[in-house]
Every structure is written in structure tokens, then in C-alpha cells.
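S.K.: First the structure, which I've put down as C-alpha cells, then a few questions once you've had a look.
Quick note: the coordinates plus some simple rules give every number you see, no bench work behind them. What you see is a predicted model, and the numbers here were worked out from it, not measured in a lab. We place every Cβ from the backbone using ideal geometry, glycine too, and count neighbours over all the protein chains shown.
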Amino acid sequence: MPIHSVASSRIVGRSSVIGARFMSSWWRSIEPAPKDPILGVTEAFLADQSPNKVNVGVGAYRDDNGRPVVLDCVREAERRIAGNEYMEYLPMGGSIKMVEESLKLAYGENSEFIKDNRIAAVQALSGTGACRLFAAFQQRFYPGSKIYLPIPTWSNHHNIWRDAGVPMKTFRYYHPETRGLDFAGLMDEIKSAPNGSFFLLHACAHNPTGVDPSEEQWREISSQFKLKGHFPFFDMAYQGFASGSTERDAKAIKIFLDDGHLVGLAQSYAKNMGLYGQRVGCLSLVCEDEKQAVSVKSQLQLLARPMYSSPPVHGARIVSTVLGDPELKKLWLKEVKVMADRIIGMRATLRECLEKRGSALSWQHITNQIGMFCYTGLTPEQVDRLTSEFHIYMTRNGRISMAGLNTGNVEYVADAIHEVTKSA
Amino acid sequence: MASAMLSITSPSTSASLSMHDSHKGKPHFGGSSLRFSKEKGNPFSSVRSSGRISMSLAVNISRFEGIPMAPPDPILGVSEAFRADSNEVKLNLGVGAYRTEDLQPYVLNVVKKAENLMLERGENKEYLPIEGLAAFNKATVELLLGADNPVIKQQRVATVQGLSGTGSLRLAAALIERYFPGAKVLISSPTWGNHKNIFNDARVPWSEYRYYDPKTVGLDFEGMIEDIKAAPEGSFVLLHGCAHNPTGIDPTPEQWEKIADVIQQKNHIPFFDVAYQGFASGSLDEDAASVRLFVARGMEVLVAQSYSKNLGLYAERIGAMNVVSSSPEAAARVKSQLKRLARPMYSNPPVHGARIVANVVGDPALFSEWKAEMEMMAGRIKNVRQKLFDSISSKDKSGKDWSFILKQIGMFSYTGLNKNQSDNMTNKWHVYMTKDGRISLAGLSLAKCEYLADAIIDSFHNVS
């Protein structure tokens, strides 16, 4: 007869006594996972009781009062869709309408690739899901290939390709001395990588550095990619959010397309439409022709089915409602520009404050960099001081999320940064 | 014309060629001047083996040349075929999505109410934590195990919001792959088609245990016990908590006890897939009895949940992965690793469905209303089963025992029709179902029972 026992005991190994005396857990060998470096920052911030605390960790937009924002266009879209539609499963490839609108946004309304049905595209679980789906696709159809990731990059890129079973190499990108782009190093790496390598590129507003190539530099990168036959995979998480213009922010992609590259692209609506928690994005791969696009799409669906069967509908409906209605789309573009402008303004203010305090260091990079993040150049030790002495929460690579700054806290943060760097 | 020489495998000596801008946008193989070292035929099959082709000329040739068309999904493809059929009498008994008597999709009233509440409150759309919405996680584990279950009080359950049943299963599969390398998952024969895909893609080996007995159109209980006993110690045994998909055949409470016995004897880990809690019998508690039985024995259990059917939240992708552990400390460790697996899959789960569930379950009035709606849905299925049974019994004079229709439970029924007979159902009678003989009763109305009875009798007797 089985012996019932709820209490666990720390017996080493698994007992094979018949009757299942309750023994030590199956999960003995499972160690506690380290905290996620980015999301763990917010956890720590929430636990802090100080009234002065500032969260410049995770990249979620805040208004000037430090509050999360739901865009008006989004609220309106939700009003229209509430209670009206059934919640039947989306097809495995997701909302067709949302995907259509996403392609128009990224590739241009009049893109020949769209007209010719040459783009294999599926709805994805925001940027993360799009990258993961591509990584799984790369692993299945190019086993043995590697992914080249810039140094530095969003830390989750490493996790994604690793868990998908794709080995990783890095390429030089950020130049710590100038806090800008190491263009010579970058071109060098592109040239010396084996022909036909897979590269991950940030389309705009590089995360975490905020350092983007100029248009001219993008053209050179694209040419060199052509010579080497490399595959360009773009991660575009900030279209519209970087410069305030969706067209301008997609320029790098256009340059590559004009050059004849068949690109891959991960799009996210987390930031630019404020749909963070809805997990909505799109993965697209430009193919040679319609037939190939159909095949590739079918294979993407085959990968998605055992991951989550079909993607969540709510966020996708919001996106297609907003982008599909000219008035709402206009409103959205306006609201994105407001967010981008506030960030650009904060950059100027932070730099001004630091310079006013007589910092001997150069803070030019704050306004040279673009997008939500700023790579301050702070060392991990300096970051730790900011946290422990000033209750300012950020990731240890020195990255701050400009969205966490506002007129209410920017001077405090400038003071703190000056304090920990003045002896540097 | 400059010849286009492509060199293979030598990364450092790529031929330098001038670009041919005129070939923008078109695949270009050039003429006979192209040389490839080994492969004849499609030159880009060699891309996969060497990855080193110098693509100076061939910028526009796709990497995806060799990618074949994937087969249509055996379940979701049925609905596609149904939609394409223009015949008036057509009937879709394919995918398991609930339909009203008028064969319309159904959004539960409590869901509409919850959504309106959410809209009024104007909640924000910030990222959830990796493990999901706390209010949802609390509600879901209480629903599964009972709010006053000691294991909850003792904080021994690691619960992580997942992308419905599929996503939750995939998380568990990834956990097994990482921490139990080589361990096998035992799945029932048959089982939901996507189970195999999930374990295959997660690289977890699996084997089948006997389950369905075609002779009785019932459970092959002895075969099941034998196969579970024969598996290597420490295997994961995938069990359907209630309303087995695709057969509709569930073990009796006495049989569940014996299954638990043999799992304990063999030191296996029970792994429940609970996609129909409330939908099978109409009672949430009754449908969770199997899971609760195992937990009450002090076993460590994995449980995947889905709210696709019982709250009609199909497309919102809301579910959970629960791991009942022997201690709160083990639960904390397991939860942390589930999070670590989820982060590179999707970072954090979608909020909308989670909020709906939390609101419905968290509000006593809405919760009661939900229970009533679920009884109604489960009730409709039971009525339809009865009517179908009555129709077939009165029409079929062969003496065949059709009582399995009443004994089976939940949305699906394994009719016992083979592939040819199922094809006949579709080709002759325009009844759409999966090739394994499964029909979804959720797609059947009382009005169509007579028609379906005719179709089944014809297919069974006149087609081999």
C-alpha cells in the first residue's frame, strides 16, 4: 500500500522502495536561476522604499510624470473592438491584417516586394518571439550556421540564439573611447567573417548603446555585405520611436533592399505602440518569389505550432485597427513623435545638467546617441554606487533608459552621475 | 560577360568580383561559367553543407531555395477544407472549438463583462513579469487544486503563466530537456497530435503507452498499466486530466488510483495536460479530481492548464504551467528556471487573457456566472451525445454497440471509423473530421444529429 507522506526529507538520491515513501524532490538538481539582468532591475526597484528612487532600467516609456502611457489611438482601438469579436484561434501565422499592415510600415506602402507577394511573414510574440522563431528557422534549415551579434547587444539576443541551438559569434560595434560607433572595426569584422554569415543588425536606436550608423555608413555596410554574401537579419524594435519618423527609422532596411539584399526582419510594437504586455510583433523574410514565400511561411508556422500553436489576438487586433484606419494611424504617428521628442529633449537636458555641474568628462554622446537608451560609459562599480547611494536603478553595463528621466528627476540623476564620476 | 566564379569552402580567399547591378531583384545563376566544386544541379544545396559559397554575384539568390512546403496541419487543415466546401449540408466536426446550437462561435457573457470592466478601469499595458500576472497565477492554481489545498498554503507549487496549453507544455518540455537529459515522456496512443511536435521540437524523446482499444472503443486499461510499468524508471507520464483528446475516454476514479500506484512504484513523474477543466462533466472540481488525487498522495506533479475552451479564450493564448514540488524551496528553484526558459522564447506572456481570467475567477458573482455558463456548454454537449446515440440506435439494426458515444466525455468522440471511412464521411456526406475518426461534438447541433447518424452508419457499414 502506498504510504502517504507530505513532508519531504533530504534523502540523497531517489529511493526505489516500492510503496513510494515520499522522498527528496525530483528537482534537487535544479539550481536557482540568476536574476535576469534587465527585468531583475525593476524587481529590485519595486522593492526599494526610498522616495527618491529612480528607475532608468527597463526600456518602457514613461511620460513626464513618470507614468506609463497608453496611447489614445490604442484606447480608441480597444473601445472599437471590445466585446465585438469572437476569440477563435487565429491561424498559425497570426492575424493576416496585422501582418499586412506591419509589412507596409516596414517595407513601405508601395513596396514591390509586397505587391509581388515575395515576403514570408507571420505574427510573432513581439520582438523576442520574432527573433526566436527566426533563430529556430535558422537552426533547422542552416544547421551549423552561426549568428553574429554586435558587441554589445540586448542581452536576451544571446539567450535566444543559444536556446535555439545556434552558436554565436560577436562583431565589434561600440567604441568605448568615443562612446560611438567603431566603424572601422565593424567593417573589418564584416570582411573577415566567412562568406554567407548570418548577422544581426539593429535597424535603428541600437540597444543598449543608442549608437547607430549614419546613412552613409549603412550604405557601406550594405555594399560589404553584398560582397560577402552575408545574410542581414534586422531587429527593429523602435520604428518611429528613434527619430520620430517611421520612414526615417526604417532607412537602413530600405538601403539594403535597394541593394538587392533579401533581408530578414523582426518587428515589435511593444514600444512604439506602447503594447508591451500584449506581445505583438512580426517576423518577415524577403524571398525570391511568391512560391518560395509560401513555402517559407509554411515552415515558420510549423515551428510556431509546437511553441504556442497560434499567437495571441488582442494586441494584433489593436495594431490592425490603428494602422488600418487612416485617422487612427495619423493619430498614432503624432503620438509616437511626442514620445520620441520627449526623449530627445531629455537627452539635451541631461547633458546640459552634467556640463553645468562642471563635469570634466565629455557628455556629448548623450545627445549623439538615439532612441530610448543611452550608454553612459559608467563602470559597473559606478552603477552600483548609483544604486546603493542614490537609489537609481539601471543595468550594470551603464545603460540608462532615457524614458525613465523626466523634468522632476533629471537634475537629481545628473547630480548623482556627476558624484560617482568626478573622480574618474 | 565577366565569368562568375564561385569558390567554395575557403573563407579567406573569396573571389573578388564586380557587382552586377542589372541583376537587382532577380536570382541569377549566370551561365556555364559558374563552377561548383561538388554538387551538380541546385548549386545552393551546397550552401547548407559548407555555408561558404562566395555570393559575390548572387546577392539576390535566396538562402531559402531548398526549403520545401510544409504539410498542412492535420487538425487546423480540416477547417480550411471545410471553408472551401460550398455544399449546404456541410458539417464541421474538426477542430475543438465550442459552437452554440446555431453552430456559431460563443463568447461567454462573463468574458464580455470582464472586458468591459477592464476597459472602464483603463489599465495600462506594461510588461508582465516573466512568470505572468500574479493575480492570474493565484487564481489558476486555486482553481486547479482547490483554494484550500495544503500544497498551496505550503507554497509548494511553482506556477508560471504560459501561452495556453501548447506554450505551457513547451515550457515543461524545455525544462525536462535541460534538467532530465535522456528522460522519456510517455504519451497515450493516441493523443493530441501536437504533443509529439512539442516534444520533438524540444528534443525530448517519447514513446507511447497503449490507451485506446478499438475493439471496445474504450480504454485498454491493462495495456496502459503494462506499458507504464515497462518504461524506464523516472519517466514522465503524460496524462489527460479529463476529457481525453482525441478519444473522449477517461479512466474511472478506481482506475486513476491504480495508475497512481504504478507511477509511484516506478518512480515516474506524472505530467497532466488539463485543457478541459469544467468542460467535461460541467463541474470544475469534478474535472480536477484526477490531478488532486495524485497531489493528495504527496507526489510531485507537472500540470499544464488551458483556458481556451472553458473560458472560450482560444485566441488569447492563456494557460499555465504548474509544478507541485516537495518543498517551497524546490518550487522557488523550479519557478526560476521556468522563467529562464521563457525569457528567450517570448520574454513575458501576453496580459489580456490573464486579466480576463483573473477578473472572472476573482469576482464571486462572475465566478458563479462562469460556472453556470460552463454547465450550459457541457450540458449542450451531453444532450448532443444523447441525441446522436438515440438517432444511431434507432436507425442501425446491425446490433452494434454504440453506447461508447454516451460513455465518452468532453468535446470529442472517437467514433472508431478508420481513415477510409472518415474520408467517406467527408467526400460523400460533407462531414469534416480528422482522419483518425475523431469528431468534435462541440460542432454538432441537435438539428444535425439525424444527418450525422446516417453518415456514420453508412460509413461504418458500407466502407472498409
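S.K.: Run down the lysines and flag those whose C-alpha is under 27 Å from the C-alpha of A:Lys228, throwing out any fewer than 8 positions away in its chain.
M.R.: Within the straight-line limit of under 27 Å, A:Lys228 reaches these lysines: A:Lys146, A:Lys169, A:Lys191, A:Lys251, A:Lys254, A:Lys291, A:Lys297, B:Lys24, B:Lys26, B:Lys38, B:Lys40.
S.K.: Dividing the convex hull volume of the Cα atoms of segment A:43-135 by its residue count, what figure in Å³ per residue is obtained?
M.R.: 199
S.K.: Let me ask you something else. Counting only DSSP beta bridges with both residues in chain B, tell me the antiparallel percent, nearest 5.
M.R.: Working: 18 of 36 bridges.
Once the DSSP bridges in chain B are tallied, antiparallel ones form about 50 percent.
S.K.: Which of the trypsin sites (Lys or Arg not before Pro) found in segment A:208-311 are in a DSSP loop and have at most 10 neighbouring Cβ atoms, other than their own, within 10 Å?
M.R.: none
S.K.: Now, a different point. Checking the cross-link filter: which lysines have an alpha carbon closer than 26 Å to that of B:Lys371, excluding same-chain neighbours under 8 positions apart?
M.R.: The qualifying lysines are B:Lys112, B:Lys113, B:Lys138, B:Lys153, B:Lys309, B:Lys382, B:Lys387, B:Lys407.
S.K.: Taking DSSP loops as anything outside H, G, I, E and B, show the longest stretch in chain B free of GluC sites (Glu not before Pro) there with at most 15 other beta carbons within 10 Å.
M.R.: Longest run free of exposed loop sites: B:234-464.
S.K.: Hey, another quick one. Taking the Cα centre of segment A:164-274 as origin, work out the dipole magnitude from +1 charges on Lys and Arg Cβ and -1 charges on Asp and Glu Cβ, in debye rounded to 20.
M.R.: Here segment A:164-274 has a charge dipole of around 220 debye.
S.K.: Moving on to the next point. Return the aspartates and glutamates within reach of A:Lys422: Cα separation strictly under 17 angstrom, same-chain partners fewer than 8 residues apart disregarded; answer none if there are no such residues.
M.R.: Candidates past the 8-residue exclusion: A:Glu352, A:Glu355, A:Glu381, A:Asp384, A:Glu389, A:Glu411.
S.K.: Further question: Rounded to the nearest 5, what % of the DSSP beta bridges within the protein assembly as shown are antiparallel ones?
M.R.: If we restrict to bridges inside the protein assembly as shown, about 50 percent are antiparallel.
S.K.: Could you work out the Rg to Rh ratio of segment A:251-326, with Rh taken as the Kirkwood radius (inverse of the mean 1/r over all Cα pairs)?
M.R.: Answer for segment A:251-326: 1.01.
S.K.: How are the C-alpha pair distances of chain B spread across 20 Å bins, as whole percents from the shortest bin up?
M.R.: Spelled out per bin, shortest first, that is 22, 46, 25, 7, 0.
S.K.: What are the extents of the Cα atoms of segment B:132-183 along their three principal axes, listed from largest to smallest and rounded to whole Å?
M.R.: Over segment B:132-183, Cα extents along the principal axes are 36, 22, 14 Å.
S.K.: With all pairs of different alpha carbon atoms counted, what Kirkwood hydrodynamic radius in Å does the protein assembly as shown show?
M.R.: Evaluated on the protein assembly as shown, it is 29.2 Å.
S.K.: Still on this structure, please answer the following. What list do you get for B:His430, B:His240 if you sort them by fewest beta carbons within 10 Å? Before the final figure, lay out each step's value.
M.R.: Details: B:His430 18, B:His240 26.
Final ranking by Cβ density, sparse to dense: B:His430, B:His240.
S.K.: Taking springs between alpha-carbon atoms closer than 10 angstrom, which of A:Glu177, A:Glu101, A:Glu290 fluctuates most in the Gaussian network model of chain A?
M.R.: Top of the fluctuation ranking is A:Glu177.
S.K.: Would you mind counting up the charge near A:Gly59? Only other residues with Cβ under 12 Å from its Cβ, with Lys and Arg at +1 and Asp and Glu at -1.
M.R.: So the environment of A:Gly59 carries a net charge of +2.
S.K.: How big is Rg to Rh over chain A, alpha-carbon atoms, Rh as the Kirkwood inverse-mean-distance radius?
M.R.: 1.01
S.K.: Still on this model: Loop-only trypsin sites (Lys or Arg not before Pro) in segment B:165-266, please: DSSP not H, G, I, E or B, and at most 16 other Cβ atoms within 10 Å. Could you put the intermediate results ahead of the total?
M.R.: Working: sites: B:Arg170, B:Arg178, B:Lys184, B:Lys196, B:Arg203, B:Arg210, B:Lys215, B:Lys229, B:Lys258, B:Lys266; in loops: B:Lys184, B:Arg203, B:Lys215, B:Lys266.
Of the trypsin sites (Lys or Arg not before Pro), the ones in loops of segment B:165-266 whose Cβ has at most 16 other Cβ atoms within 10 Å are B:Arg203, B:Lys215.
S.K.: Oh, and also: Quickly estimate the mean residue ellipticity at 222 nm for chain A, helices only: each DSSP H run with n ≥ 4 gives -39500 (n - 2.57), and the total goes over all residues, rounded to 500. Present the calculation step by step, with values, prior to reporting the outcome.
M.R.: On the way: 16 runs with 186 residues, N = 424.
The helix contribution divided over chain A gives -13500 deg cm²/dmol.
S.K.: Still on this model: Given the options A:Ala60, A:Ala121, A:Ala348, state which has the largest fluctuation in a GNM of chain A using a 10 Å cut-off (strictly under) for Cα springs.
M.R.: Of the options given, A:Ala348 has the highest mean-square fluctuation.
S.K.: Would you compute, for the Cα atoms of segment A:273-424, the largest minus smallest coordinate along each principal axis and list the three values in descending order, in whole Å?
M.R.: 62, 36, 30
S.K.: Counting only helical runs of four or more DSSP H residues, what would the 222 nm mean residue ellipticity of chain B come to if each run contributes -39,500 (n - 2.57) and the total is spread over all its residues?
M.R.: After summing the helix terms and dividing by the residues of chain B, the value is -13000 deg cm²/dmol.
S.K.: Now a separate question. For segment B:129-362, build the convex hull from the C-alpha positions and give me its volume per residue in Å³.
M.R.: Values: hull volume 26.4 nm³, N = 234.
With only Cα atoms used, segment B:129-362 gives 113 Å³ per residue.
S.K.: Among A:Pro51, A:Pro68, A:Pro194, which one moves the most in a GNM of chain A with springs linking Cα atoms closer than 10 Å?
M.R.: Answer for the Gaussian network model of chain A: A:Pro51.
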